[in-house]
1. Of all the accessible heavy-atom surface of the stretch 101-169, with the other protein chains kept in place and a 1.4 Å probe, what percent is carbon and sulfur?
2. Considering Cα pairs under 8 angstrom that are at least six residues apart, work out the relative contact order of the stretch 158-229 and quote it in whole percent.
3. Accessible area per residue of the stretch 144-222 at 1.4 Å probe, in Å²?
4. First measure r as the distance between the Cβ atoms of Lys201 and Lys78, then evaluate 1/(1 + (r/R0)^6) with R0 = 51 Å and state the FRET efficiency to the nearest 0.05.
5. Rounded to the nearest 0.05, what FRET efficiency is calculated for Val109 and Val152 with R0 set to 41 Å and r the Cβ-Cβ distance?
6. Skipping prolines and chain starts, which residues have an amide H placed within reach, meaning under 5 Å, of the one on Phe167, given they are 5 or more residues away or on another chain?
7. Set the Förster radius R0 to 25 Å, insert the Cβ-Cβ distance between Asn100 and Met358 as r into 1/(1 + (r/R0)^6), and round the FRET efficiency to 0.05.
8. So between His340 and Val299, what do we pick up on full extension, going 0.36 nm a residue minus the alpha carbon distance?
Amino acid sequence: SNAVDHAKVMAIYGLTALMVFFASFRAPNAETMALSYSVPGYIRVLQNFSLPIVLVCAAIGAYITLVHRNIPDVRRSKLPVFYYVFHLIVLASDLANAGNFNDFITRAVFITVIFLFFYYAISPLPFYDSTRYNVLNAFFLGAYLFLALNVVLYQTGLGSLSWKGRFLGLTTHPNFIGMCGSVTAGISFALFYREQSRLAKAVYFSGVLLGLWVCLLSVSRTSLLGASVSIVIILLFSLKNNSLKPLIILLIILGSVLAISYVDIQSLDYANRGNTREETWASMYEQASKLPFFGSGRVGATTNAYLFAIVAGGLFGSFFFFRTILAAIAVFFTKQLAKHYRRIILCAIIGLILVTSMLEGYLLDAAGIPVFTYWMILCYIK
């Protein structure tokens, strides 16, 4: 019946929001970097069980879709399949390079369930439409609540979530929480821009402010750049008059200044931590320039997703990764783009991910708000 089908769809939206909420909700050994890091005991328990919670949610969502086939079927994108194969090849490379077989099985099961969830459960559902029952809103809800919890713990002093002036939140690194803020700001602005209800508009705008605030607290210029890119893309493609053109120009100038600031590589890392990007980029470039057919797995730092894809998966594995990247870039060349707001939102999120992936390696993560966002948009790129 329609009521049962609606309940199943709503269950998947709820599971999606839960997955997004818990995706970045972990900080194993955060104290090794941030010596004063501490969270309440109940938060630590949730951090320890966050990945099993994500796995269970994804498994239930896939089960609902695969066993109860009343949810309308659609022509699914092949891109999540390519991305899934890439992840498997990276795991196999890990195993081949003195990895642990039990660890390989655990990770392979996890990524397989994540793939099944996005490929089967998310793909048939609307990405964005005139109602609020869509996947983008489920992502907004999960990310918004996650950031809100981080900020509440920080502001109330219930947790010590900063180190050397940078906000780690409930993640392992300031750049990670910064990227969560960046994605949340981008999604929130996309929902805010065309919303008609004043109350909903206020909620979405608070999501923009919350996301940008977390970017500033984390002192992650990469995340600020990503948020700016997504907002500028939405404004440039959507605007029908010139009244907001000065704002667009201001945002473009902001993005340009942030981008130019990266020319000085030695200024990228905060004091007393070492020049990690300069070292890791040089190391990754040296490894990637050898064009290895097979990869080395996830070794070392991941400060550039594109170079690290070649290092971790080799030419064989990175082929599947770059196949998804090229398809994402192609979305920008869709005809009559400005007439389809759904496509504009896709471009905004893709732009955010493509730019920030030059400076962060989260596209090789198994779980996290940014990588789950990439899984999600791949489902809607035909």
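1. Solvent-exposed carbon and sulfur of the stretch 101-169 make up 62 percent of the total.
2. Once normalised by length, the contact order is 38 percent.
3. Dividing the accessible area of the stretch 144-222 by its residue count gives 38 Å².
4. Plugging the Cβ-Cβ distance into 1/(1 + (r/R0)^6) gives 0.90.
5. Efficiency, rounded to the nearest 0.05: 0.75.
6. The answer is Ser218, Val219.
7. Approximately 0.20, to the nearest 0.05.
8. Contour length minus the Cα-Cα distance gives 10.6 nm.
The values are calculated or read from the model by the stated rules, or taken from the named source; none is laboratory data. If you're wondering where the values come from, they're calculated on a predicted model, not measured in any experiment. Quick reminder, even Gly has a Cβ in these numbers, built from the backbone with ideal geometry, and neighbours come from all protein chains shown. Accessible surface areas use protein heavy atoms only, side chains included; no ligands, DNA or RNA. Shrake-Rupley method; radii C 1.70, N 1.55, O 1.52, S 1.80 Å.
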